[in-house]
Amino acid sequence: MDDADLLRRELRAAREELVRKRADADDHVATTSQLPLMPERDDEFLRLALMSIDNLETHIDRLERDLADLENGIDHPDD
């Protein structure tokens, strides 16, 4: 699996977690970091469940930017 695929998988997981958090917020559940027991989460991305809604939104923005950079041929912007 290449870097773009890994970024896409994490981006998808982050978006799914954000949907869960927003749904919980609509149900008046706390929107702070917590790790509820939900077996459908990918073990690789469990850390996303610990992020707040704001942190998830920021993380998603960064992942989208990193993926766009990678797809446009910018592997290492610091080089």
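A few comments on the model shown:
- Residue-level analysis places D5 among those that are in a helix (DSSP H, G or I), among the acidic types (D, E) and either exposed (fewer than 15 other Cβ atoms within 10 Å of the Cβ) or modelled with pLDDT of 75 or more (or both).
- Residue in the range 42-79 that is farthest from the chain's Cα centre (by Cα), counting only those that are acidic (D, E) and modelled with pLDDT under 85: D79
- Residue within the range 29-41 that is within 11 Å of the chain's Cα centre (by Cα), surrounded by 13 or more Cβ atoms within 10 Å (Cβ to Cβ) and at pLDDT below 95 present: no
The values are calculated or read from the model by the stated rules, or taken from the named source; none is laboratory data. Just so you know, these numbers come straight off a predicted model, no measurement behind them. Cβ: placed from backbone, ideal geometry, glycine included. Neighbour counts: every protein chain shown.
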